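Below: one structure, written as structure tokens.
The values are calculated or read from the model by the stated rules, or taken from the named source; none is laboratory data. On a predicted model such as this, the values are computed, not experimentally measured, just so you know. Cβ sites come from the backbone with ideal geometry, for glycine too, and all protein chains shown count toward neighbours. When the accessible area is computed, the model is the full protein with side chains, heavy atoms only, and any ligands, DNA or RNA have been set aside. Shrake-Rupley method; radii C 1.70, N 1.55, O 1.52, S 1.80 Å.
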Amino acid sequence: MTNLNSPDRKKVLIISYYFPPSGGAGVQRTLKFVKYLRDFGWEPVVLTANNADYPAYDDTLAKEIPDGVKVYQSTIIEPYRFYRKLTGRAEGEATDIATLTLDSEQKQKWTERLAEWVRSAFFVPDARIGWLPFAYNLGKKIIERENIDIIYSTAPPYTTHLIGLALHKKSNLPWVVDFRDSWIGWLSTPQWRPKLSRALEKWMERSVLRDASTLISVTPGVKEDLLSRNPQYRDERWKLLYNGFDPEDFENVETKPKSEKTTIIYTGSLYGNRNPEYLVQALESLQKENPDFTEKLRLLFVGRVGEPIINRLESSSISHLVERIPYVTHSESIAWLKSADISLLIIDDSPENYGILTGKLFEYIGAGNPVLALAPDGDAAQLIKKYDLGFTSHPKNPDDIKKALFASVEQADKKKISAKEFTAFSRYKLTGELAKHFDQLIKK
């Protein structure tokens with residue numbers, strides 16, 4: 001390990017909107033890089049937002065930031081606070097749940113239509129664009145004060161890449177761009193924009209791809225989606241760096257009481273098209289065909305669930321099989337995960353989702369449960385098949401889901417996944433790979 005006070009350690013400015021006290025999946029990748037980079041000769045210096053409007057909070061994650069790591073926070077203008085006032089939503093309500101779970105009646109409200117039009121027309125590339133001038137000004141000072149050697153930005157939100165681009169041009173430092181998701185037309189971005197707004201967004205995307213020193217994608221599909229709009233940037237700068245899991249997260253976690261039933265667990269957020277509707281249909285059908293089988297099951301959702309999905313679950317004939325645990329800390333989520341038998345993954349069947357390889361899947365590997373994946377034949381399904389992690393099903397075919405469900409229950413009774421076999425996906429090893437990319441840029 002590199003000595004804490006080593007003068008030889010190089011410094012990287014990490015620009016990330018999601019950072020403790022942010023909770024949820026978006027924070028994990030960056031946090032683990034910060035946690036382990038010192039072991040590979042790099043000192044992380046973090047630039048994040050002050051008093052940001054996160055979808056979820058987890059104060060316990062701050063304990064993973066190594067002592068002495070400098071975290072700078074700049075001012076940010078958060079328009080979703082105004083959105084809540086405009087639409088009459090509760091202060092503090094998660095905006096991703098709010099905006100992506102609207103039913104048809106809510107979508108007809110003029111306040112919701114106005115809010116969505118403003119988001120699509122003016123918040124380019126995203127609603128965090130108001131962070132750009134403040135982060136840029138502070139970033140210039142950090143680079144000079146801390147003698148930064150390299151800049152790293154991670155998105156979404158894509159405003160982070162615009163901050164990185166501006167600081168790269170100002171300082172002429174090498175710049176590493178990390179895409180956890182693709183950009184235009186991706187699941188969490190506006191599907192429609194006025195022509196001028198879309199043209200501006202495309203120009204932003206091109207500018208980032210053009211000027212980056214190194215381009216990192218979290219899956220092959222993310223890279224290919226970006227290149228489908230920008231084929232001229234298919235070159236040697238691209239690197240693949242998967243998400244992963246941290247074995248330390250699974251150590252010394254007090255497991256929750258294990259149910260007598262076979263527990264199928266989903267951890268994380270459910271809203272919009274990320275929906276268990278077809279699993280519910282499959283279980284409702286099985287309840288009539290094979291009630292003895294279904295009564296041995298328990299469906300556990302741990303995390304934030306949109307209201308339309310809650311209503312569907314509560315009105316279903318299999319509602320007595322369903323249990324919901326509201327949002328909990330990351331460590332408690334893992335405790336629930338370890339107490340379950342089967343881990344449920346849901347990826348909607350649409351072309352832009354074929355490249356999704358959510359960090360959730362790697363945490364499922366760490367927990368050791370077989371995976372039941374309702375997913376199209378994309379990156380996630382291929383990884384599950386390649387490493388025999390469980391069973392996949394077409395996400396909108398109840399009969400196919402039934403077959404995968406039977407197979408998953410049978411496997412859960414026989415064996416667990418051995419996380420020790422998947423060291424390639426450990427956060428520590430992945431941080432080492434990131435550090436190698438940094439080293440190569442410095443040598444150049």
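Look at (1) at pLDDT below 95; (2) farther than 24 Å from residue 270 by Cα; (3) among the aliphatic types (A, V, I, L, M) and you find that residue 184 fails only one, number (2). Taking the condition buried (at least 24 other Cβ atoms within 10 Å of the Cβ), out of contact with any Lys or Arg (no Cβ under 9 Å at 6 or more places or on another chain) and part of a strand (DSSP E or B), does residue 151 pass? Yes: the conditions hold for residue 151.
All of 270, 241 fail the test of being surrounded by 14 or more Cβ atoms within 10 Å (Cβ to Cβ) and closer than 21 Å to residue 432 by Cβ, apart from 241. The criterion of at least 3 residues that are open to solvent by less than 20 Å² (accessible area, probe 1.4 Å) is met by the following strands (runs of 3 or more DSSP E) wholly inside segment 340-444: 342-346, 371-374.
Restricting attention to segment 288-337, the residues that are open to solvent by 20 Å² or more (accessible area, probe 1.4 Å), over 25 Å from residue 273 (Cβ atoms) and among the hydrophobic types (A, V, I, L, M, F, W, C) total 1. If a residue counts only when it is over 22 Å from residue 305 (Cβ atoms) and modelled with pLDDT of 95 or more, which helices (runs of 4 or more DSSP H) contained entirely in segment 17-121 have at least 1 such residues? In segment 17-121, 28-36 are the helices (runs of 4 or more DSSP H) which contain 1 or more residues that are over 22 Å from residue 305 (Cβ atoms) and modelled with pLDDT of 95 or more.
Residues in segment 374-422 that are of a type in the set (Ser, Thr, Tyr) and closer than 14 Å to residue 347 by Cβ: 392, 393. Taken together, 367, 375, 412, 435 contain a single residue that is of a type in the set (Gly, Ala, Ser) and free of Cβ contacts under 8 Å to residues at least 40 places away in the same chain, which is 375.
Residue under question is residue 187, and the condition is that it be open to solvent by 20 Å² or more (accessible area, probe 1.4 Å), in a loop (DSSP other than H, G, I, E, B) and touching a residue at least 40 places away in the same chain (Cβ under 8 Å); does it hold? Judged against the criteria, residue 187 is a match. Looking across segment 39-58, the residues that are open to solvent by 30 Å² or more (accessible area, probe 1.4 Å) and either free of Cβ contacts under 8 Å to residues at least 40 places away in the same chain or aromatic (Phe, Trp, Tyr) (or both) come down to 40, 50, 51, 57.
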